[in-house]
Every structure is written in structure tokens, then in C-alpha cells.
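A.B. asks: Got a structure for you, questions after.
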Amino acid sequence: MGLSADVTATFTADGADAFVVDATVEVERGESLVVLGPSGSGKTLLLETVAGFHDHEGVVSLDGEALNGLDPEDRGFGFVFQDYALFPHLTVTENAAYGTRYRDDHRDPDDLLAELGVADLCDRYPPTLSGGEKQRVALARALAVRPKVMLLDEPLAALDVPTRQALRDDLAAVLDDVTAVYVTHNRTTARAVADRIAVMRDGQIVQTGTPEAVFERPASPMVAAFTGSNVIAADALRGVVDVPADAMTAAVRPEHVALVDGTGDGGDLTGEVARSVREDAAHRITVDLDADDPRAELSTGAVADGGDARLSLFVADDPPAPGERVGVSVPPERVTLFAAAE
Amino acid sequence: MATGTETDVRTGRLGRAPIVVAFAAVQLAAFAAAYASGSPTLYAYFVVGSVAVAAYALDGSAFVVGAATLGSVLLVALGLPLALFVARQQPGLIVQKALNPDVHRVLYLGVYGPLLAALASLLFGVPLARLLADGFPGQQVIESLVDLPLVVPHSVAGIIILFGFGQGGAFPSVSVLGTMTGMVLAMSFVSAPYAVNAAREAFESIDDRLEYASRIHGASRFQTFRRVTAPLAVRGIVTGGVLAWARAVSEFGAVAVVAYTVEFFYLPAGESVRAQHAPVFVYNTYLTGGLEESGAVAFLLLAVSAVIFLIVRYLTSDTATTGGVV
């Protein structure tokens with residue numbers, strides 16, 4: 001048992017088509033579900049609908065008990081907002097203690113502020129705080145009411161990278177034993193925080209599973225691309241993978257692709273390095289696969305233009321320079337094939 | 001060395017405050033000289049000319065000089081009458097009026113009546129403003145109705161009120177013609193739009209998510225309004241109240257039609273007395289006593305209004321409500 005939401009909600013705005021969120025999410029007790037999706041996919045609206053801020057059809061229930069019909073204040077949730085939404089006219093302590101007067105079973109806000117390392121800010125007002133400090137206060141405010149479910153809307157999106165990494169670790173620890181729905185467009189955050197991931201697109205959940213399942217076995221090219229896989233024309237891999245006739249698109253994560261010595265022996269693909277970019281710990285190499293590889297029986301023109309036969313991969317050191325000819329190995333068992341290009 | 005001085009001004013090395021003080025002093029001296037020599041017209045030309053020169057010295061671009069020169073014509077039209085009005089008062093007559101109990105009553109009513117109207121506008125206008133800020137079906141019709149008094153000539157507003165609530169209208173047991181109720185009603189009619197619109201803008205400027213954050217952590221709608229929405233909108237609400245009050249103080253047409261003289265409880269005397277709303281009294285004095293006498297009363301009304309306005313401005317600029325950060 002845990003949180004279960006099966007909702008349909010329609011949103012209209014002047015000058016825009018109605019946007020429909022039609023989604024089902026299930027979160028086990030103590031589990032963190034990450035809703036991962038691009039901007040405009042309806043993640044925030046889904047979260048706000050679950051919280052009770054928007055009219056909807058369908059059911060939101062907690063441990064089998066229906067919550068729809070209950071006002072937001074009666075649902076027993078905690079919410080961390082993307083832009084923090086701290087009360088600017090209240091001190092840090094007053095913010096953290098905001099909900100405690102309404103819930104008999106609550107935590108001591110001062111203890112929470114201390115735990116989150118912001119006890120020294122007690123008498124400050126939110127507009128004087130840094131982003132990371134605001135986020136910790138927002139977290140304290142939500143945790144103080146001992147929420148049955150924590151809802152988090154992109155809580156790290158507005159932070160700089162070092163602060164985000166520090167807070168992500170703290171957040172993962174805090175959410176360890178809390179039932180949580182966490183909305184983000186950041187796949188790194190998603191993988192770090194999630195027990196399970198639900199990928200959202202155009203108001204609908206398109207795949208739900210463990211981070212492993214979603215990242216390694218994406219259900220569609222969109223999910224593959226959004227979780228960081230290489231998405232290329234299936235024909236380009238005909239040399240290494242047994243490609244069925246109806247397969248149009250293939251996905252493989254860059255960390256499974258490797259550079260190999262030689263230029264084409266032993267079942268490997270060949271290509272030319274298009275780009276080499278230094279990222280944190282590794283170099284991201286982009287390789288244009290050879291369209292005229294004799295083993296690739298090119299049935300479509302898709303590969304010939306280069307764009308759909310481009311693989312990214314990581315090397316730790318000694319990266320090849322752009323223009324260099326390289327061999328590329330793709331482990332067949334790591335390749336996911338899709339029938340339609342979507 | 002003229003260019004050197006000019007450069008100093010342009011780079012701001014002189015500082016803003018000294019420039020403003022010096023400019024004001026020059027204006028004051030020029031006005032005094034022109035008034036003393038009996039030709040205030042010269043001062044009007046001086047303002048336009050001196051503004052153009054100052055604009056050239058401070059900025060130098062043709063656009064700014066042109067804009068400042070055109071703007072100064074409007075300032076002359078607004079400011080010169082006021083300056084001459086103040087300068088041409090006879091202090092003896094002002095003191096005489098200031099000691100007149102009749103004038104006391106008028107000034108008392110001129111503050112007190114608008115205060116009641118402003119409070120009524122806020123009491124019923126703020127909830128409406130809150131709903132308008134959220135939006136609802138048919139909102140545009142309600143908005144138009146709220147803004148209607150802004151375009152209705154005020155004597156017409158008075159007539160409308162008499163048709164609505166006077167003899168043969170609604171609430172026959174409540175008489176409005178020549179009563180305090182009628183006066184407050186007439187003032188509210190013309191001043192409520194200011195209160196509603198200012199409060200509404202204040203509510204609209206508050207992020208929805210602050211109210212979400214309040215409610216999801218346990219506060220009801222009322223508690224959210226009391227602890228989050230109202231404190232964050234308080235400055236806008238007070239501004240709306242002040243605007244409504246000021247509008248009611250200056251109301252002539254509607255009040256003259258509905259409640260030319262009214263009976264009200266006069267606290268300093270501890271009894272009910274009759275008096276006219278200040279603008280009506282000023283007009284009445286003008287008709288019966290001439291420009292000089294009405295000017296003295298008008299001066300007193302202006303002084304009282306200005307003092308109250310400044311006090312309210314001072315109180316609401318206090319940073320206590322937001323912890324000094326907003």
C-alpha cells in the first residue's frame with residue numbers, strides 16, 4: 001500500500017490548446033518515485049493535481065483511503081516547490097514551523113533546521129538567503145509536518161552544480177524512508193534519487209520501472225533519448241546486431257559503447273570522430289559511423305546523411321582527435337530495438 | 001572652465017541631493033522675485049527655460065531636453081496655480097477661519113466621512129478583489145461594473161444613487177437624502193473602484209505557490225488568507241484605502257446631490273451637529289463670501305489632507321510588516 005493516483009485533469013490557458021494530464025502513478029510506502037520528463041510534459045501539473053490544487057477526475061488514494069474531495073490541507077502531504085515558495089514575510093524559523101500548528105504529530109522545526117545545517121539562519125528572512133539555503137528551509141518546512149507523502153517539484157533545478165550535488169546527497173538520505181513523488185527533468189538526479197522512475201510525456205506516463213530498467217531498456221526512442229541513450233537508425237548497427245526487418249531505430253547507452261583498435265576487423269563498426277568534448281571525468285567522443293560499411297545493408301537513406309548514424313561514447317583519457325578514423329564496439333546485448341521511429 | 005563644471009555634473013561627481021536642493025532654491029528665489037514684482041507670468045517662462053537648461057546640463061541629449069521642456073509646461077499648469085494659491089492667502093483670514101468652530105466641524109466631517117467610505121470600500125472591496133485576482137466566469141462584467149464610477153460624471157452618480165436608494169428605491173426604511181448614510185454611500189460609490197483595483201493588483205502580484213505552500217502544510221483557506229495572502233498584500237490594500245479616502249475627500253458632485261448638509265456625531269463637542277462636506281462648504285463659501293474667504297478654507301482643507309496623506313505614507317513605508325526585505 002502507499003500512494004496511488006489515477007487522474008485526468010484538463011488545463012486551459014488563454015491562447016493555448018487545452019492541456020490534458022492523464023496519468024497513473026503508484027508509490028509504495030517508503031518508496032521514492034521520480035517522475036522524469038522534459039519541460040512542458042505536465043510533471044508539475046500532475047504533482048499539483050495529486051496535492052489537490054486542481055480539479056480532476058479519477059482517484060487519489062493513500063493506503064487504500066480515497067483523498068479526492070479532501071482539501072489540500074487535509075491530505076497530510078508535504079510539498080517542496082521548484083522556486084522554494086518560502087513566505088517572504090516570515091523568518092526562517094517561522095517558515096519551518098509554518099505547518100506545525102495544524103498537525104498534532106509534527107517534528108521540532110529547530111531540530112530539523114539544525115539537521116539540515118541551517119540553524120544559524122533562524123532569524124533571517126528568505127529574500128536574504130542563497131538558493132541552497134532556501135531549499136533547505138523549504139525542505140524543513142515540508143518535513144516538519146511529518147508528511148505521509150512528500151511531493152517535490154524540481155527542488156534542485158535552480159541551484160548551481162556543487163550546491164546541487166551536495167543537496168542531492170542530503171535529499172537522497174532524507175527521502176530514504178519517506179514516501180515521495182519527485183518531479184525532475186534531470187536524469188542524473190532521477191537516477192540518484194529514484195527507487196522507481198516514471199517517464200512522462202505530453203501529460204501521460206510512457207514508462208515506469210526501476211532506474212535500471214528505464215535507463216537500460218527504454219520503452220520508446222523518446223525515453224531512450226531523454227535518459228541519455230544514443231538513438232540511431234537500426235540499419236547502422238546491422239553489422240553487430242541481428243536487426244529484424246521491422247526495426248527502425250536502435251538505442252544504446254554511451255557507457256556501453258567502446259573504442260577498439262583497428263579499423264573494422266572482428267565485427268566492429270568503423271567511423272570518423274566528429275567531436276571530442278571534455279566532461280567532468282571523461283571525454284565524450286562523438287563518432288560518425290561509416291555509411292558505406294559493407295556489412296551495413298543500407299535499406300534507407302537515413303544513415304547516409306550522417307545524422308542518424310552518430311554514436312556518443314566516453315573515454316577516460318587519451319581521446320582521439322576529430323577527423324581520426326576509429327573502430328567502435330557495440331555489445332549486442334546492450335542494444336534496444338524499436339519498430340517505429342515515433 | 002564651463003565644460004569642466006558641466007562634465008562634473010554629468011558624471012555625477014556633484015551628487016544628486018545638492019543638485020536637487022540647489023535647483024529648488026533657485027526656483028523658490030525666482031518665484032519670490034516674480035511674485036514680489038507682481039508678474040508671476042515671468043516665473044512661468046523661467047520654469048520652462050530653467051528646466052531646459054538643467055536638462056541640457058545634466059544629460060545634454062536633444063531628446064531629454066525636448067521631453068523635459070514639454071513636461072515643464074504641464075508642471076507649470078499644475079504647480080503654478082498651487083504656488084500662487086498658497087502665496088496669495090491672507091494669513092489673518094486663514095487664522096480667523098482656523099479658529100472658526102463651523103470650519104472645525106467641516107474639516108472634521110471632511111476627514112471622518114471619507115474615512116467611513118474608505119473603510120466600507122475596503123470591507124466589501126477586498127474580498128471582491130481577492131476573487132477577481134483568482135478569476136471567475138463572468139469576471140469581465142463585474143470588472144466593468146466596478147470601474148463604472150470612474151467614467152460616470154459625479155453629479156450623475158449622485159442622481160443614480162437617489163434613484164437606487166432614495167425615495168421609491170430600494171431599502172425605503174433607510175433614508176439617504178441629506179443623511180450621513182447617503183454621504184458615505186455617495187463617497188463609496190466614487191471611491192470603491194480605487195480600493196478594489198489596488199487590492200486586486202496586490203493579490204495578483206502574489207505567487208500562487210505561496211498559497212499552495214500554506215495550504216498543503218495544513219492551513220485552511222481562511223488561515224492562508226490571514227497568515228500569507230493578507231500580510232503580503234497589506235501595502236496594496238492600505239494604498240487602496242488611502243486612494244479611496246483621498247478620492248472621497250475630494251468628492252463634490254455626488255455628495256452635493258445626495259447629501260448637501262448632513263447631521264453627524266461630532267466627537268469634540270460630544271453632540272450631533274450639522275455641517276457640509278468640505279468641498280461643498282468651500283464652493284458654498286465661494287458663492288457667498290467670494291474667492292478670498294473660500295481660498296482660506298480651501299487652504300486649511302488642503303493642509304489637513306496633505307498632513308494625513310503624509311502620515312499614512314510614512315506609516316505604510318514602515319518595513320516592519322515584511323521584515324525589511326520586500
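A.B. asks: Does B:Pro172 satisfy being crowded, with 21+ Cβ neighbours inside 10 Å and over 27 Å from A:Phe53 (Cβ atoms)?
C.D. replies: Numbers: crowded, with 21+ Cβ neighbours inside 10 Å: no; over 27 Å from A:Phe53 (Cβ atoms): yes.
Against the criterion (crowded, with 21+ Cβ neighbours inside 10 Å and over 27 Å from A:Phe53 (Cβ atoms)), B:Pro172 does not qualify.
A.B. asks: Same structure again: Hey, among the residues in region A:145-160 that are more than 8 Å from chain B (Cβ to nearest Cβ) and touching a helix residue (DSSP H, G or I) at 6+ places or on another chain (Cβ under 7 Å), which one's surrounded by the fewest Cβ atoms within 10 Å (Cβ to Cβ)? Can you show your working first?
C.D. replies: First pass over region A:145-160, keeping only residues more than 8 Å from chain B (Cβ to nearest Cβ): A:146-150, A:152-160.
Adding the requirement that they be touching a helix residue (DSSP H, G or I) at 6+ places or on another chain (Cβ under 7 Å) leaves A:150, A:153, A:155-156, A:158-159.
Values: A:Met150: 22, A:Asp153: 23, A:Pro155: 27, A:Leu156: 26, A:Ala158: 15, A:Leu159: 18.
The selected residue is A:Ala158.
A.B. asks: Does region B:105-114 contain any residue that is part of a loop (DSSP other than H, G, I, E, B) and out of contact with any Asp or Glu (no Cβ under 9 Å at 6 or more places or on another chain)? Reasoning before the result, please.
C.D. replies: Within region B:105-114, the subset part of a loop (DSSP other than H, G, I, E, B) is none.
So far as region B:105-114 goes, no, none of its residues is part of a loop (DSSP other than H, G, I, E, B) and out of contact with any Asp or Glu (no Cβ under 9 Å at 6 or more places or on another chain).
A.B. asks: On to the next question. Do you know which residues across region A:65-81 are facing chain B (nearest Cβ under 8 Å) and either of a type in the set (Lys, Arg) or exposed (fewer than 14 other Cβ atoms within 10 Å of the Cβ) (or both)? Give the steps one after another, and end with the answer.
C.D. replies: Step one: of region A:65-81, the residues facing chain B (nearest Cβ under 8 Å) are A:71-73, A:75, A:77-79, A:81.
Once the filter is applied, which keeps residues that are facing chain B (nearest Cβ under 8 Å) and either of a type in the set (Lys, Arg) or exposed (fewer than 14 other Cβ atoms within 10 Å of the Cβ) (or both), region A:65-81 yields A:Asp71, A:Arg75.
A.B. asks: Given the criteria within 11 Å of another protein chain (Cβ to nearest Cβ) and under 22 Å from A:Thr163 (Cβ atoms), does A:Gly117 qualify? Break it down into steps so the answer makes sense when it comes.
C.D. replies: Working: within 11 Å of another protein chain (Cβ to nearest Cβ): no; under 22 Å from A:Thr163 (Cβ atoms): yes.
No; evaluated as a whole, the condition is false for this residue.
A.B. asks: Pull up region B:188-233, narrow it to residues that are closer than 16 Å to B:Leu148 by Cα and of a type in the set (Ser, Thr, Tyr), then point me to the one that is nearest to the other protein chains (Cβ to nearest Cβ).
C.D. replies: That would be B:Tyr194.
A.B. asks: Looking only at region A:95-105, filter to residues that are in a loop (DSSP other than H, G, I, E, B), of a type outside the set (Ser, Thr, Tyr) and surrounded by fewer than 19 Cβ atoms within 10 Å (Cβ to Cβ); which one of those is nearest to the other protein chains (Cβ to nearest Cβ)?
C.D. replies: Pass one, region A:95-105, residues in a loop (DSSP other than H, G, I, E, B): A:97, A:102-105.
Checking which are of a type outside the set (Ser, Thr, Tyr) leaves us with A:97, A:103-105.
Then keep just the ones that are surrounded by fewer than 19 Cβ atoms within 10 Å (Cβ to Cβ); that gives A:103-105.
Details: A:Arg103: 5, A:Asp104: 10, A:Asp105: 11 Å.
Residue satisfying both the conditions and the ranking: A:Arg103.
Residue-by-condition table, conditions (1) among the hydroxyl-bearing types (Ser, Thr, Tyr); (2) touching a Leu at 6+ places or on another chain (Cβ under 7 Å); (3) in the same structural domain as B:Val156 (by TED's automatic domain parsing); (4) under 23 Å from B:Phe136 (Cα atoms):
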{"residue": "B:Asp208", "(1), (2), (3), (4)": "no, no, yes, yes"}
{"residue": "B:Ser214", "(1), (2), (3), (4)": "yes, no, yes, yes"}
{"residue": "B:Arg226", "(1), (2), (3), (4)": "no, no, yes, yes"}
{"residue": "B:Thr229", "(1), (2), (3), (4)": "yes, no, yes, yes"}
{"residue": "B:Arg235", "(1), (2), (3), (4)": "no, no, yes, no"}
{"residue": "B:Phe252", "(1), (2), (3), (4)": "no, no, yes, no"}
{"residue": "B:Tyr266", "(1), (2), (3), (4)": "yes, no, yes, no"}
{"residue": "B:Glu271", "(1), (2), (3), (4)": "no, no, yes, no"}
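A.B. asks: For A:His89, which of the numbered conditions (1) farther than 17 Å from B:Ser220 by Cα; (2) more than 7 Å from chain B (Cβ to nearest Cβ); (3) more than 27 Å from the chain's Cα centre (by Cα) fails to hold?
C.D. replies: A:His89 satisfies all of (1) farther than 17 Å from B:Ser220 by Cα; (2) more than 7 Å from chain B (Cβ to nearest Cβ); (3) more than 27 Å from the chain's Cα centre (by Cα) except (2).
A.B. asks: So for region B:51-61 (the condition being assigned to a helix (DSSP H, G or I) and under 26 Å from B:Glu293 (Cβ atoms)), does at least one residue qualify? Before you say what the answer is, go through the steps one by one.
C.D. replies: Quick first cut of region B:51-61, residues assigned to a helix (DSSP H, G or I) only: B:51-58.
Within this subset, residues satisfying the condition of being under 26 Å from B:Glu293 (Cβ atoms) are none.
So far as region B:51-61 goes, no, none of its residues is assigned to a helix (DSSP H, G or I) and under 26 Å from B:Glu293 (Cβ atoms).
A.B. asks: Could you list, in sequence order, all residues of region B:58-85 that are among the aliphatic types (A, V, I, L, M) and either assigned by TED's automatic domain parsing to the domain that holds B:Leu302 or buried (at least 16 other Cβ atoms within 10 Å of the Cβ) (or both)? Full working, then the answer.
C.D. replies: Here is the first cut: in region B:58-85, the residues among the aliphatic types (A, V, I, L, M) are B:58, B:62, B:64-65, B:67-68, B:70, B:73-78, B:80, B:82-84.
Correct list: B:Leu58, B:Val65, B:Ala68, B:Val76, B:Leu80, B:Ala83.
A.B. asks: Condition check: assigned by TED's automatic domain parsing to the domain that holds A:Lys148, surrounded by fewer than 22 Cβ atoms within 10 Å (Cβ to Cβ) and within 20 Å of A:Met150 (Cβ to Cβ). Does A:Glu48 satisfy that?
C.D. replies: Working: assigned by TED's automatic domain parsing to the domain that holds A:Lys148: yes; surrounded by fewer than 22 Cβ atoms within 10 Å (Cβ to Cβ): no; within 20 Å of A:Met150 (Cβ to Cβ): yes.
It is false that A:Glu48 is assigned by TED's automatic domain parsing to the domain that holds A:Lys148, surrounded by fewer than 22 Cβ atoms within 10 Å (Cβ to Cβ) and within 20 Å of A:Met150 (Cβ to Cβ).
A.B. asks: Okay, moving on. Say whether the condition of being in a loop (DSSP other than H, G, I, E, B), closer than 26 Å to A:Val137 by Cβ and in contact (Cβ under 8 Å) with a residue 60 or more places away in the chain is met by at least one residue in region A:55-69.
C.D. replies: Let us first name the residues in region A:55-69 that are in a loop (DSSP other than H, G, I, E, B), namely A:55-56, A:63-64, A:67-69.
Still in the running and closer than 26 Å to A:Val137 by Cβ: none.
Scanning region A:55-69, I find no residue that is in a loop (DSSP other than H, G, I, E, B), closer than 26 Å to A:Val137 by Cβ and in contact (Cβ under 8 Å) with a residue 60 or more places away in the chain, so the answer is no.
A.B. asks: Check region B:218-236 and report whether any residue there is surrounded by fewer than 16 Cβ atoms within 10 Å (Cβ to Cβ), over 17 Å from the mean Cα position of the chain (by Cα), modelled with pLDDT of 95 or more and not in a helix (DSSP H, G or I).
C.D. replies: Checked region B:218-236: at least one residue is surrounded by fewer than 16 Cβ atoms within 10 Å (Cβ to Cβ), over 17 Å from the mean Cα position of the chain (by Cα), modelled with pLDDT of 95 or more and not in a helix (DSSP H, G or I).
A.B. asks: Among the residues of region A:224-265, which ones are without any contact (Cβ under 8 Å) to a residue 60 or more places away in the chain, closer than 21 Å to A:Met200 by Cα and in contact with a Phe, Trp or Tyr (Cβ under 9 Å, 6 or more places away or on another chain)?
C.D. replies: Passing the criteria: A:Gly228, A:Val231.
A.B. asks: Among what's in region A:272-319 and is within 18 Å of A:Pro221 (Cβ to Cβ) and under 26 Å from the mean Cα position of the chain (by Cα), pick the residue that is modelled with the lowest pLDDT.
C.D. replies: A:Gly307
A.B. asks: Starting from region B:130-144, keep only residues that are in contact (Cβ under 8 Å) with a residue 60 or more places away in the chain, then list their pairs with residues that are among the basic types (Lys, Arg) and in a helix (DSSP H, G or I) whose Cβ atoms are within a distance under 6 Å, requiring at least 6 positions of separation or different chains.
C.D. replies: B:Leu132/B:Arg200; B:Ala133/B:Arg200
A.B. asks: Which numbered condition trips up A:Gln135, out of (1) out of contact with any Lys or Arg (no Cβ under 8 Å at 6 or more places or on another chain); (2) in contact (Cβ under 8 Å) with a residue 40 or more places away in the chain; (3) within 11 Å of chain B (Cβ to nearest Cβ)?
C.D. replies: Every condition holds for A:Gln135 apart from (3).
The values are calculated or read from the model by the stated rules, or taken from the named source; none is laboratory data. In this text the structure is predicted, and so the values were computed from the model without any measurement. Here Cβ is always computed from backbone atoms with ideal geometry, including for glycine, and neighbour counts include all displayed protein chains.
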